[in-house]
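The values are calculated or read from the model by the stated rules, or taken from the named source; none is laboratory data. For clarity, every value in this text was computed on a predicted model and none was experimentally measured. Neighbour counts run over all protein chains shown; Cβ positions are idealised from the backbone, glycine included. These accessible areas exclude ligands, DNA and RNA; they are computed on the full protein's heavy atoms, side chains included. Shrake-Rupley method; radii C 1.70, N 1.55, O 1.52, S 1.80 Å.
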Amino acid sequence: LLSHAIPLNMQFQLNSQFAVGLSVGIGIGWLLPRCIEKIRCSDLAKAACHGGSVRAVACEASHDGTCNPAEVGQVYLSLCRHLHGTPCSPVRDIPRSLLPAQDHSYAHTNLPAAFLKDLLGKLQAKFLVEIGSFKGGSALRIAQAAVASLPADSDKPCLLCIDTFLGDANMWLDFNPGWRDWLMLRHGLPTMYLQFVANVESMSDVILPLPLASMCALRALHRLAVRKDIPLPEFIYLDSAHEKGETLLEMKQAFQLVKA
């Protein structure tokens, strides 16, 4: 009925448009997953596919699901395998819909960029540890300074960020009005971890989160170092509990681990 009701030249135009639309649709269906798969860690989330922007937190992966060693450093890969039990970053498959918008409003990151540049320029550390990461402000500064301190052809450094991402006593008690909001409570459970992942997205090929208590994490790293699965860290930044007894324990454990 349609063919009899529409002039022949218009039918040809409609059929041509349909064929083009079908071809483009099939092409996008084939191209889009490959475009997402090829997003590099350092690119972190932007790929132009069919005139749009595709966002993802991912490392370029090989066919067996492992990370491309050119995208991340060897220490990063070893920590993924031995701590997270994953061939690559454990955050690369987090759906974008679960991540909040980046929030760098926390104004109490007191790690001077000039001091880091000078210190890491001398150390040229490839394995760094931060204990107490919160929203990732200091992690970004450390990671950027670590990358800048190494030659361009050097293996990428790794900053392991250790934090429970569950907050501290003062946050839960709302010691100052608004502090509890930092927990980002959802059904009684903090979701700070997702905020951290979103905030450090630009350096996710260097920054690796480990949501674990500080003492447990330090002991785990010590065991991995003894087994020669990882090197000793050259740099440890301690900024976690801020409680008298806990901080002393963390300092003792950290000094046992740091490379002399």
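Below is a table of values for the structure above.
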read-out: Nearest-20 debye value, segment 117-249 charge dipole, Cβ charges on Lys, Arg, Asp, Glu; value: 260 debye
read-out: Residues of segment 179-249: accessible area per residue with a 1.4 Å probe, Å²; value: 52 Å²
read-out: Percent carbon-and-sulfur accessible area, segment 163-260, ignoring ligands, DNA and RNA, probe 1.4 Å; value: 60 percent
read-out: For ASP103, solvent-accessible area (1.4 Å; no DNA, RNA or ligand), Å²; value: 50 Å²
read-out: Point-to-point label distance, CYS216-PHE255, nm (Cα→Cβ direction, 7 Å offset); value: 2.6 nm
read-out: Loop chymotrypsin sites (Phe, Trp or Tyr not before Pro), segment 143-200, which have at most 15 other Cβ atoms in a 10 Å radius of their Cβ (DSSP); value: PHE175
read-out: Probe 1.4 Å - accessible area at GLU243, Å² to nearest ten; value: 90 Å²
read-out: Span per principal axis, largest first, for the Cα atoms of segment 117-182 (Å); value: 47, 19, 15
read-out: For PHE127, residues with placed amide H under 5 Å, excluding near neighbours; value: CYS158, GLU234
read-out: For segment 144-228: rounded, prolate or oblate by the Cα gyration tensor [a/c cutoff 1.5]; value: oblate
